[in-house]
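Engineer: Just passing along the structure, written as structure tokens.
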Protein chains: 2
Amino acid sequence: MTIDWTAPTIVPRADAELAASLARRIDSLTKPLGALGRLEALMLQLGLLQGRCDPRLHHAQAVVFAADHGLARRGVSSYPSEVTAQMVENFLAGGAAISVLTRTHGLALTVVDAGVRGERTPRPGLIVRPVAQGTADALLGPAMTPDQCVQALELGREVVRGLPGNAVVLGEMGIGNTSSAALLVARLTGQPLVSCTGRGTGLDEAGLARKLAVLEQVGERHAHARAPLESLAAFGGFEIAALAGAMLQAAHERRLIVVDGFIVTAALLVAHALRPAVLEACVFAHCSDEAGHRLALRHLGAEPLLDLGMRLGEGSGAALAWPLIASAALLLEGMASFDSAGVSGST
Amino acid sequence: MTIDWTAPTIVPRADAELAASLARRIDSLTKPLGALGRLEALMLQLGLLQGRCDPRLHHAQAVVFAADHGLARRGVSSYPSEVTAQMVENFLAGGAAISVLTRTHGLALTVVDAGVRGERTPRPGLIVRPVAQGTADALLGPAMTPDQCVQALELGREVVRGLPGNAVVLGEMGIGNTSSAALLVARLTGQPLVSCTGRGTGLDEAGLARKLAVLEQVGERHAHARAPLESLAAFGGFEIAALAGAMLQAAHERRLIVVDGFIVTAALLVAHALRPAVLEACVFAHCSDEAGHRLALRHLGAEPLLDLGMRLGEGSGAALAWPLIASAALLLEGMASFDSAGVSGST
């Protein structure tokens, strides 16, 4: 199986002059040099991404891609597949963690049905574009056909193209998707599956052993799927493929991408394998408690902003980190300089 | 020198029944058990602090205590003393980091002149209650008289008493105050001064060595000041004493206290030595890059929310962490339960 898809181009922007201007601007603010720590690195990244000394964030969009997984029937999750659809309704009704966090932090929320079982009608906040009624069982064959994989990647691109603003906060929902993510992370980083496989929504010791045994079988079944898109098609899921497409499109448009936890990072590994420059647009929100996330982050050389033992998904870590990122942009915009405030410099 | 001051009482609330109710409530929310990590610990702490299953945060108040330091003349800072007054103006004009962060995150900001050199008139947002025109030079004698120390402690209490809301986000400004803080942290934790002394606003290697030499002399000068309030009076400053008083009063009233960086934590060491139960009200915002903060946090058994290499003071770390804390409260308030949302539980 080969997959014929060309990722959008991402032009790396190594602009030394702009970087120097940004550094001067940051150093002119009324604070000791470097005293805002990681927030200063965010200011610099944002300026370089937007190609300007006065970067602004506006109309930030949280997008949650949801889909079901054929592998869920193998007992790899402690929740039944129908929870995917139930949580989509919960997102829209405002009762999920991502609902609360997005309305608290001024983020628009769009949910995308990329392949959730059952029928649903488009509504404000819900895009219904299922690739299929969940992926196929990866133990029996590839989770997606090549066509489905391309369709999901393009779905992610189209969703981002249709959104306003210049920042995306990405999340996911899909019972069973820590299994797809573990398989992808293991395959794309070269780490053993056992290091990438965690308890997901809360498996006990026996459940974790069962999940790992299933994933080992799936990994062997698709031993020849080594390339990024072939691995993606082999292991799924539609939401992960859509996330990869969304990130590539966002970076192509030079939107800021806030990367959530384990599953979104697995999607980023795919995007990164196709277009390494995607990382210039990425801010890593948090280190999830799910085993394997730390490995994936290390593979990408990523330093997340938060490390709070969260492992909820939905984009909840990314939405929680949003105010930190927005703060960096607003500090750069709003702080006075030593000159303008009449504050004496260091001696 | 002995200091005659009785700290306000803080009634520890070890309510096992309430803790169990809160845990049930948290576990009923539509998320895997424990998946919100540290945010769940915050929910529990807030519920116990307020003595209710449905805690709410309202009218959160950022308060920045400012004062000058006699020791600043000894070249312990890379900025001149007049910067304290200049930054007070910058806070009020809206151009400082704390100004931007408080208006971004919906915090009211009050600046308290607890002893800044020069004259200023009370204005909206500024309380003018200087204990003196800066502390005395601690190399020559105690930074404060016993009366001044009590006056500063009481100032902190009165400021908190006069504020609405049930949460305080505490910060400070005072050129030279990492020196007072280093002396206090060393004295109250028993750690050597060299481990507690850092670059403050940005001393170079030679400056750091000079600062340490001065602090060693000050430490020896006040070798007999071992009790918390005697150490506070010996080393200063007025803003640190006011912070200690503010924290004790806030905990007495069961307000949530968001602890900023090195200097605020030094003040907390004093408060904690007087009333250990003050910790029940404290959330630790971040680990500052200033040497010694990590030691002080460890002494208190504190785990900060953020670790972003910041070392700005002003309450900037606390204000940056505020949206995380507010998020925890709003998630507990706003998330649906499995029952109410019709989401299936784990199998």
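Engineer: For segment A:271-311 and segment B:199-225, what is the separation of their Cα centres, given in Å?
Structural biologist: Computed from Cα coordinates, the inter-centre distance equals 40 Å.
Engineer: Still on this structure, please answer the following. Could you give the Stokes-Einstein D for chain A in µm² per second, using the C-alpha Kirkwood radius, 25 °C, 0.890 mPa s?
Structural biologist: 121 µm²/s
Engineer: May I ask you to sort A:Thr347, B:Thr84 by Cβ crowding, counting other Cβ atoms within 10 Å and putting the fewest first?
Structural biologist: Listing A:Thr347, B:Thr84 from fewest to most nearby Cβ atoms yields A:Thr347, B:Thr84.
Engineer: For segment B:52-207, what proportion of DSSP beta bridges, expressed in % and rounded to the nearest 5, is antiparallel?
Structural biologist: The answer is about 5 percent antiparallel.
Engineer: Please compute the volume of the convex hull spanned by the alpha-carbon atoms of segment A:102-251 and report it per residue in Å³.
Structural biologist: Residue-normalised Cα hull volume stands at 131 Å³.
Engineer: Quick one: net charge of B:Ala97's neighbours, Cβ under 9 Å, K/R +1, D/E -1?
Structural biologist: Numbers: positive: A:Lys31; negative: B:Glu314.
So the surrounding residues net to 0.
Engineer: Give me a single rounded figure for A:96-109: the average over its residues of other chain Cβ atoms within 10 Å of their Cβ.
Structural biologist: Taking all residues of A:96-109 together, the mean is 4.
Engineer: If one takes the longest principal axis of the Cα atoms in chain B, at what angle in degrees, from 0 to 90 and to the nearest 10, does the Cα axis of helix B:316-334 lie?
Structural biologist: With rounding to tens, the tilt is 20 degrees.
Engineer: Going by C-beta contacts inside 10 Å, put B:Met310, B:Met247, B:Met1 in order with the fewest on the left. Display every interim value, and only then the final one.
Structural biologist: Details: B:Met310 27, B:Met247 32, B:Met1 16.
Least crowded to most crowded, the residues run B:Met1, B:Met310, B:Met247.
Engineer: Running a GNM on chain B with Cα contacts under 10 Å, which residue among B:Ala206, B:Ala138, B:Ala242 ends up with the highest mean-square fluctuation?
Structural biologist: So, out of B:Ala206, B:Ala138, B:Ala242, the one fluctuating most is B:Ala206.
Engineer: I've got another one for you. Across segment A:58-148, what fraction of all alpha-carbon pairs, as a whole percent, falls in each successive 5 Å bin from zero upward?
Structural biologist: Taking every Cα pair in segment A:58-148, the percentages come to 3, 13, 22, 21, 17, 13, 8, 3, 1, 0.
Engineer: Right, something else. Would you order A:Phe235, A:Phe338, B:Phe238 from fewest to most other beta-carbon atoms within 10 Å of each residue's own beta-carbon?
Structural biologist: Final ranking by Cβ density, sparse to dense: A:Phe338, A:Phe235, B:Phe238.
Engineer: Which angle from 0 to 90°, rounded to the nearest 10, does the C-alpha axis of helix A:82-93 make with the longest principal axis of chain A?
Structural biologist: 30 degrees
Engineer: Still on this structure: Provide the net charge surrounding A:Ala41, with neighbours chosen by a C-beta distance below 15 Å and charges set as Lys +1, Arg +1, Asp -1, Glu -1.
Structural biologist: Net charge in that neighbourhood comes out at -2.
Engineer: Note down the net charge around B:Gln50, summing +1 for each Lys or Arg and -1 for each Asp or Glu among other residues with Cβ under 14 Å from its Cβ.
Structural biologist: +1
Engineer: Length gain on complete extension for the stretch A:Ala14 to A:Ser346, per 0.36 nm per residue less the alpha carbon to alpha carbon distance?
Structural biologist: Full extension of this stretch gives 116.4 nm more.
Engineer: Could you identify which residue out of B:Asp15, B:Asp113, B:Asp289 has the top mean-square fluctuation in a GNM of chain B using Cα springs shorter than 10 Å?
Structural biologist: Checking each option, the largest mean-square fluctuation is seen for B:Asp15.
Engineer: Right, something else. Where both partners of a DSSP beta bridge lie in the protein assembly as shown, what percent of those bridges are antiparallel, to the nearest 5?
Structural biologist: So the antiparallel bridges amount to about 10 percent of the total.
Engineer: Follow-up. Build a GNM of chain A with springs between Cα atoms under 10 Å: which of A:Gly315, A:Gly125, A:Gly47 gets the top mean-square fluctuation?
Structural biologist: In the Gaussian network model the winner is A:Gly125.
Engineer: When the helix-only estimate is applied to the protein assembly as shown (DSSP H runs of n ≥ 4, each -39,500 (n - 2.57), divided by the residue count), what is the mean residue ellipticity at 222 nm, nearest 500 deg cm²/dmol?
Structural biologist: Values: 28 runs with 326 residues, N = 694.
Mean residue ellipticity at 222 nm (helix-derived): -14500 deg cm²/dmol.
Engineer: Using a cut-off of 16 Å between alpha-carbon atoms, which aspartates and glutamates can reach A:Lys211, once sequence neighbours fewer than 8 places away in the same chain are excluded?
Structural biologist: List returned: A:Asp137, A:Glu220, A:Glu290.
Engineer: Need one value for B:308-317: mean number of C-beta atoms belonging to other chains within 10 Å of its residues' C-beta atoms.
Structural biologist: Counting Cβ atoms of other protein chains within 10 Å of each residue's Cβ and averaging gives 6.
Engineer: Measure off 7 Å from each Cα along the Cα-to-Cβ vector at B:Ala223 and A:Arg56, then give the distance between these two points in nanometres to one decimal.
Structural biologist: 6.3 nm
Quick note: the coordinates plus some simple rules give every number you see, no bench work behind them. Just so it is clear, the model here is predicted, and its values are computed rather than measured. Counting neighbours? That spans all protein chains shown, and the Cβs are built from the backbone with ideal geometry, glycine included.
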